[in-house]
Amino acid sequence: MGIFARQQYFGLLSSASDVPALRRNVPLAELCTMHVGGLADAVCTPASKEALCRCLLIARHKQIPYALFGGGSNIIPGDGFFPGVIFSTAALRGVQISGTKIKADCGCRLGDLVLAAARAGLGGLECLYGIPGTVGGGVKMNAGAHGSDIASCLEAATMFSTVTGEKRVFSKNELAFSYRMSLLQKTKEWILLDATFACTPTETQRIRARIAEVTKKRREAQPLSLPSAGSVFRRPKEGEVWRMIDMCDLRGYTIGGAQISKQHAGFIVNVGGATARDVHRLVCLVQERVLGTLGISLVPEIEFLDVKEEETCRLQRP
Ligand SMILES: Cc1cc2nc3c(=O)[nH]c(=O)nc-3n(C[C@H](O)[C@H](O)[C@H](O)COP(=O)(O)OP(=O)(O)OC[C@H]3O[C@@H](n4cnc5c(N)ncnc54)[C@H](O)[C@@H]3O)c2cc1C
């Protein structure tokens with residue numbers, strides 16, 4: 001796309017997103033928790049769900065490359081220039097409570113959702129506390145911990161088709177949840193605008209105790225002082241990934257600035273100056289070693305955006 005056309009489309013997106021200007025040449029490291037990546041041509045943070053829908057349709061129809069970011073806690077963006085727009089849901093954080101139901105917008109942080117529920121005496125979402133994602137990313141990944149997940153309380157979600165412009169409420173069944181999986185991973189057509197959760201009336205004190213418990217467990221188990229994208233691989237039926245990585249003697253193994261965490265071998269951490277390529281190479285190395293040593297195929301849970309695959313890498317997509 002020529003520079004003139006690009007400026008024209010970006011002007012169109014600015015007015016459609018209800019924000020005065022798009023941010024241009026934005027470091028992708030600012031937008032993801034692994035703190036890697038090159039520059040994005042533009043970042044657009046729509047001020048409302050309607051504005052997000054308008055922007056997505058414009059990008060789609062004008063064939064502007066785009067990606068949608070929630071908290072950026074499961075995405076590794078490439079080191080090069082992303083020649084399009086990153087749409088961020090950061091401004092879409094609304095939460096409405098009605099009886100035992102909570103409706104949260106896609107950009108609402110999972111922690112804020114749990115705290116809003118706790119203030120209203122509504123329990124059931126505590127397992128999500130400490131997961132640094134949003135409702136949109138959380139539903140796509142069916143985020144969870146401590147034996148539960150976001151699907152367990154979810155009742156319905158308002159979705160938007162980037163193909164037809166249709167807005168429709170999907171039931172929990174239609175969202176086809178399973179372990180760290182949902183319909184949103186199987187089709188790029190739909191994005192989530194908001195989700196409604198059915199909670200259980202619970203004493204606020206009990207909810208707060210549960211939040212404290214899951215926070216303690218997380219602090220003990222996870223390398224929270226270093227940038228990461230959480231667990232790198234999906235848990236295969238054969239067992240815990242960190243045990244397999246340990247059996248291959250890879251704990252602490254480092255490529256560039258990316259390291260298999262010494263604290264939790266299921267995480268890759270950025271120990272300083274990591275590139276997306278470092279992370280990608282480390283992922284490939286783990287896959288090859290675990291397959292070669294134990295005969296087990298590991299599938300990444302983290303999502304690489306625009307990272308060029310290397311010849312040696314047998315990276316499997318979910
Ligand atoms: C320290 C740490 C700990 C973690 N612990 C856990 C854990 O315990 N359990 C767990 O499950 N995960 C965990 N994660 C991983 C991550 O937080 C989750 O996968 C989370 O759900 C991702 O949400 P996000 O908003 O950051 O999504 P992003 O990383 O922004 O995006 C992930 C995917 O969702 C898509 N997406 C975002 N918003 C929408 C939307 N509105 N509609 C459609 N698609 C959308 C994106 O396009 C992308 O494809 C952890 C990560 C870190 C860094």
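None of the figures in this text is laboratory data; all of them are computed from the coordinates on show. Quick caveat: nothing in here was measured; it's all calculated off a predicted structure. Positions of Cβ are backbone-derived with ideal geometry, glycine not excepted, and every protein chain shown enters the neighbour counts.
Scanning the chain for long hydrophobic helices, with DSSP H runs required to stretch 24 angstrom or more by C-alpha along their axis and to average at least -0.5 on the Kyte-Doolittle scale, returns 276-294.
When the chymotrypsin sites (Phe, Trp or Tyr not before Pro) in the range 138-237 are filtered for DSSP coil states and for at most 14 other beta-carbon atoms within 10 Å of their beta-carbon, the remaining sites are Tyr179. Paramagnetic label reach from Lys262 (point 7 Å along Cα→Cβ; backbone nitrogen cut-off under 11 Å): within the range 192-217, no residues. When the alpha carbon gyration tensor of the range 223-305 is reduced to an equivalent ellipsoid, its three semi-axes come out at 19, 13, 12 angstrom, largest first. Structural descriptor for the range 1-148: relative contact order 19 percent, calculated from alpha carbon pairs under 8 angstrom and at least 6 residues apart.
Set Lys and Arg Cβ to +1 and Asp and Glu Cβ to -1, take the dipole of the range 73-164 about its Cα centre, and tell me which of Thr162, Gly121, Phe81 lies farthest positive. Checking the options against the dipole of the range 73-164, the answer is Gly121. Distance between the 7 Å Cα→Cβ label points at Lys217 and Arg234: 2.2 nm. Please identify every one of the GluC sites (Glu not before Pro) in the range 175-249 that sits in a loop by DSSP and has no more than 16 other beta carbons within 10 Å of its own beta carbon. Those that pass, being in a loop and sparsely packed, are Glu189, Glu203, Glu238, Glu240. The label-point distance for Ser297 and Thr164, in a model that sets each label 7 Å from Cα toward Cβ, rounds to 3.3 nm. When the pairs Lys62/Lys188; Lys140/Lys167; Lys188/Lys216; Lys103/Lys237 are compared against a 25 Å limit on Cα-Cα distance, Lys188/Lys216; Lys103/Lys237 fall above it. Taking the centroid of alpha carbons for each part, the range 1-75 and the range 164-192 are 22 Å apart. Put a dot 7 Å past the Cα of Ser225, heading toward its Cβ, do the same for Asp18, and the two dots end up 4.3 nm apart. Loop-located trypsin sites (Lys or Arg not before Pro) across the range 160-203 with a Cβ neighbour count of 10 or fewer within 10 Å are Lys188, with loop assigned by DSSP.
Per residue, the chain reaches -9000 deg cm²/dmol at 222 nm when only DSSP H runs of four or more residues are counted, each adding -39500 (n - 2.57). For the chain, DSSP calls about 75 percent of its internal beta bridges antiparallel.
Counting only residues at least eight positions apart within a chain, or on another chain, there are no lysines with an alpha carbon under 16 Å from that of Lys262. Shape analysis of the range 95-219 yields a ratio of the Cα radius of gyration to the Kirkwood radius, Rg/Rh, of 0.97. Each Cα pair under 8 Å and six or more residues apart adds its sequence gap; the mean of these over the residue count of the range 223-305 is a relative contact order of 35 percent. Relative contact order, whole percent, for the chain stands at 16, derived from Cα pairs under 8 Å and 6 or more residues apart. Rg/Rh, computed from the Cα trace of the chain with Rh as the Kirkwood radius, has the value 0.97.
Restricting the calculation to alpha carbons of the range 40-104 gives Rg and Dmax of 14.3, 48 angstrom.
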